[in-house]
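Each remark here refers to the structure printed beneath this line.
All of the numbers you see were taken from the coordinates with simple rules; none came from a lab. What you see is a predicted model, and the numbers here were worked out from it, not measured in a lab. Note that each Cβ is placed from the backbone with ideal geometry, even for glycine, and that neighbours are counted across all protein chains shown.
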Amino acid sequence: MTDGRDPDAGGADGIAGSARPAEAETGGLRGRVTRTLRVARWEVTRSVGTVDRKTILVVLAMVTVAGVVGLAAVDEGLALESELYVVGVDEDDPYHDVAVESTAFRPIPLSDVELEDGSEDGNVDVVIADDRIGHVGTNGEAAYDAFRGAVETYNERRMAAEADETAAYPVLVTLEYQDRDLGDPVGGDDLVDDEEDSTDLEPEADETATDDGADDDAVDEDDSGTDDREHGADGEVDDGDGQADGAGVDSTVDDTDDDELAVPDVGGGHAAEQTAPGTPGTLSPPFPFQSLVLAFLFVVPMNFVIQAYGSTIMDERIQRRGELLLVSPAGRLEIVAGKTLPYLLGLVGISVAIALAIGGGLLSIGAAIPIALAFLAATFTGAMFARSFKELTFVTVTISVVLTTYAFVPAIFTDVTPIALISPLTLIVLDLQGDSVRLAEYLFSTGPLYFGAAVCTLQGLGVYREEDMFTQKAIPSKAVDAIVSQIDAISRRVHAYASPFVLSALFIPFVFAAQLLVVAVFFAVPEAIALPVVFVLAAAIEEFAKSIHVYAGFARSRFDASLRVATVLGVLSGLGFFLGEKLTHAVQFVGLPELTVGVAAFGPALSSEPLVLAALFLAPLVLHVVTAVVGALGAARGRTSYAVAFVLATLIHAAYNLGVVSLVG
Amino acid sequence: MRRELRSLRSEKTIVLAIAIQLFIAAFSSFLVVGLVTMYDPSGVDGHEMEVALTGEDTAELLAAADRQDGLTAVSYEDRSQAHADFDTGQVAAVLDANRDGDDRLVVRTTVPDEGLATTVLVVQLRETLEAVEHQERLENEDRLAETPLPIPEAIDASPYVGFTYTILLPLLLFLPVFLSGSILVDSLVEERQRGTLELLRVAPLSFVDVVDAKLLATAALAPIQAIAWLALLAFNGTAIANPLALVAFVFALALLVVAVGAGTALAAPDRRQAQLLYSIGIVAALVVSVGLPEHPANTVAKFAIGNPTSTTWLLLALYCLLAAVAVSLLRRGVRRLEPESL
């Protein structure tokens, strides 16, 4: 690829000019690193150089104006609901003040109320007359419900102004969280971690001792004071409870004769643990998504960085600008690595900063990096495939949406099911919650992204050459080109027939990630609907991965379109996929097959019977080979027959999966 | 203009754009429905939780808990028995209610540490306790300066109505507008960078015509998508009160945003800066619009739910006026521009 280099070609350009000293160190690892770093440095200086002062000034001006206005308006909120509903009420009605105080309502006098169709519809949503409250129209119920909330808020405000606090707040509540081990009377002691301390906040020690059968509580009791303090000082992410604890009617605490007062309010590590008595309104339910929202912070900057990264890659392809670098002594891998390095380092830096800001540890950073890599790799490939900036915009938005979903949706189920671990964001959530993560879990979670990023980059590198960079081709045809360039690379090194084997195995991470995403998306759907869909989708994903490169090879005439060749390619592709899939059975270590939907995608857990085991082991091999041959035979005959064969192979595959699951399950 | 639309169609970007919007809408709805269900126990049907009541004064709590959907209260004479049942999972929570020296009801609540289920439980307990609080306040009436207003009976109302009108609908209507602007920025910057604007000069068109065509083609996409969204929402049972006003609103906004985008693309040196300026400008505009008497999202919500005020209509007129001014300013600027200088 780099054979045709001509170091003098770009002599007129400052970039190539400064590249000349590099000639001395063309070979070896050191040379590669030096060249990569040099490209990286150009990338930085050029990017900084092109941002002119006017742009910076305009951006600063806009940010300042937005910041000032935003801060000024922050008290009022966005007021999205302001005057959303109309309520018909006379001014002397006690409820009139409620409507005036609440921003969501606009009061109009009863005389202006017009009802149509026998009070089915009208110009109001809620009517208050003769101490009765009625609702009108399609949105009347919602308006009525909102009005009910407004009355409660109104009452709360009046009560807060009352002089006689004991009369205004006649009910006091304390709330405490207590671990209990259901259905496991013996074990569970090892699970007793510092979270158990929350029970120690129980003010009356004797009550805890008698009521809690678990002896560990009694042991903890003596040092509960210190434990609590440690816990409060942990620096855990618990912004929520400070407010909840403090929001109680503090002045009234003195009135109670309980000995809670002796215990300083150290605000447990738990969300909204309420030890000081407060009014019912101050009870705040634990917000299980707090860590998730914080973890999401890691993903946000990536969406912005890939915009700039996509632009710089795309820039190389406009007006053949990239030619200068292509003819430089740097190989394409070095060019791409150099251009990517500043953005990757930037993202790592941002991740570290975020981790420091929200109290995440090394694990958080370690989990954020593969996400960043996946974002950059996908954007690189997207920018190589896109024909125009317009197309690039949509490609990057798609990447943002898909990857964000991939990271975010599974993480919602962090405490619910092990499937959440497919997203590295889950690791960050766990890290923020103070849980530990095993190495296997880390690998399970980040492995697909590492591999996926690597394969994506390979695909993009495949078309980082003159004939693809500067021509206008449709994305599917570029993708086929990218695959074919991989086929060529493998053919050169090993043998033409080795490519389906290797590529099938290489696509496994994508298959794996896609299937996990399918499972995660359909996790919430009722099983009756989810199972068939997951069966077919999982099969389709696998069949696609096994046959698309075979099709690419045929479409670009890399293989003879004969029956024999197609069969051989199909067998090899099936074999490669089978071996790759066995590797991914590391899934089972995480206990995913316990999930019914997981079985649909990954096949049942291995049985202990040796015969069944052997059959279960070999049956997929037969299946993969058969369906891959079907796909290959179709691919050899052109696009339409490939589509037909693909559907056929998918159906066979889905039927097989269904059969196995019903047999074993 | 036709060429512009054709290139969009050939790149299938519009399909992608709509798919993305659908995805974002589905995603946000999914999150909201999930959250609302969690915080609104009435959404969880047929899930009754038993709570144990102990202490001296449980009568009021007992009555309130039975009125609460999803809660059943069981009285325990023996406090340790209640805690034992809590440990074995027979009851979901223990409430210990006693009177203190000031005749206040002190409720000591013990709930399990079990994630989502606890969240639902605490929400229900809070509502129950608030009902008790309201009752107690009424009994203290003579000591209070103002009697609390009676709270209307609870009814089964869809908790998603507010979200649909104030967040989902504005989101769906604004996204196409911003995408249109982004498309135009890309389109103009690319023609500049590839040098194809020169070629258009040979065509029997003035440069103003070219920009006009691009402007109209991209701006027209937004109301078309808006109509599709409104139709889809109406089909799903969300009544849209003033569809015409909404479409006009979207078109005016699209023209305004696209004109600003075109100006940015012609003024900025390259794509990165054009897109940076454009996107920051949009965000800043959204923030600054808080200063308006009605936020644009609020305007959309009021039109859609059928409660527009005269301010709402005035703002619609203002947006139309702004769009016209922006377009004419852009045309004037383009006419003065030397295409060779690009």
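Please give the FRET efficiency for residue B:196 paired with residue B:228, using the beta carbon to beta carbon distance and R0 = 35 Å, rounded to the nearest 0.05.
0.65
So, in Å, what gap is there between the alpha-carbon centers of segment A:532-577 and segment A:133-158?
Measuring centre to centre over Cα atoms gives 61 Å.
Taking 0.36 nm per intervening residue step and subtracting the Cα-Cα distance, what contour gain separates residue A:436 from residue A:90 on full extension? Please list the in-between numbers first.
On the way: separation 346, 0.36 × 346 = 124.56 nm, distance 6.08 nm.
Gain on extension, residue A:436 to residue A:90, equals 118.5 nm.
Let a ≥ b ≥ c be the square roots of the eigenvalues of the Cα gyration tensor of segment A:85-168; is it rounded (a/c under 1.5), or, if not, prolate (a/b larger than b/c) or oblate?
It comes out prolate by the Cα gyration axes.
Given A:339/A:582; A:54/A:339; A:546/B:214; A:339/A:390; A:54/B:214, which pairs have Cα atoms separated by over 31 Å?
A:339/A:582; A:546/B:214
Can you sort A:82, A:351 so the residue with the fewest Cβ neighbours within 10 Å comes first?
A:82, A:351
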